[in-house]
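The values are calculated or read from the model by the stated rules, or taken from the named source; none is laboratory data. Please read all numbers here as calculations on a predicted model, not as lab measurements. Cβ atoms come from the backbone with ideal geometry, glycine included; neighbour counts cover every protein chain shown.
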Amino acid sequence: MELSHIEHIGIAVKNLEQAIPYYEDILGLKCYAVEEVKDQKVKTAFFKIGMTKLELLESTDPEGAVAKFIEKRGEGVHHIAFATADGVQNALDDAKEKGLRLIDKKPRKGAEGLNIAFLHPKSTFGVLTELCENPSDK
Ligand code: CMX
């Protein structure tokens, strides 16, 4: 696979409204979008910083991945998302061939219209890893 940059860092929070002022008023970033991703059971808030973004994640469902993460490990860094230069499916095929555990066998739709797929943290040294591509870049 070929990765071009860190697309975003996902951060799990209990409450977006309470967390956003820290990023805006203390760190001086601007929240440019809030979006619910029903499929992932989250509400997201995005901030740009240089070439990358921060994605705050609030769970919309007590059984969702982010709610379970916070219950087990508390608020904090949840995943790193890499932009693929040669496509998510290609990266997944490569990861599978090299014996990594895939959460998604095929790309699916994530926030901001990106095609996304996750690699399991148990096969990536503890970091939930997201692979992304922007279909409009194709
Ligand atoms: N980072 C690192 N480790 C994680 C983790 C994370 N984000 N989430 C769970 N784990 C670990 C747990 O601590 C646990 O480890 P131990 O067995 O050592 O305690 C193990 O993985 C299993 O955790 P679990 O609570 O039993 O959770 P599940 O197996 O049910 O689910 C995972 C874990 C990663 C498969 C699931 O969270 C998933 O499918 N994630 C991908 C989708 C997602 O996270 N969506 C939300 C964000 C969407 C977006 O960005 O738009």
#### Entry: Test set (1) surrounded by fewer than 16 Cβ atoms within 10 Å (Cβ to Cβ); (2) modelled with pLDDT of 95 or more; (3) under 23 Å from GLU35 (Cβ atoms) - GLY113 fails condition number
(2)
### Message
Report every pair of residues separated by at least 6 positions or lying on different chains whose Cβ atoms are under 7 Å apart, first residue within the stretch 22-36 and touching a residue at least 24 places away in the same chain (Cβ under 8 Å) and within 12 Å of ALA111 (Cβ to Cβ), second part of a strand (DSSP E or B) and not basic (Lys, Arg).
### Response
ALA33/PHE46; GLU35/THR44
#### Entry: Subset of the stretch 88-98 [in contact (Cβ under 8 Å) with a residue 60 or more places away in the chain and surrounded by fewer than 17 Cβ atoms within 10 Å (Cβ to Cβ)]
ASN90, ASP94
### Task
Check THR60, THR84 and return the single one that is under 21 Å from LYS14 (Cα atoms) and either aromatic (Phe, Trp, Tyr) or in contact (Cβ under 8 Å) with a residue 12 or more places away in the chain (or both).
THR60
### Task
Can you work out which of the residues in the stretch 114-138 that are more than 19 Å from GLY76 (Cβ to Cβ) and not hydrophobic (A, V, I, L, M, F, W, C) is farthest from the ligand (Cβ to nearest atom)?
LYS138
### Qualifying strands (runs of 3 or more DSSP E) (wholly inside the stretch 22-87; at least 2 residues being within 8 Å of the ligand (Cβ to nearest atom) and surrounded by 17 or more Cβ atoms within 10 Å (Cβ to Cβ))
42-49, 52-59, 76-84
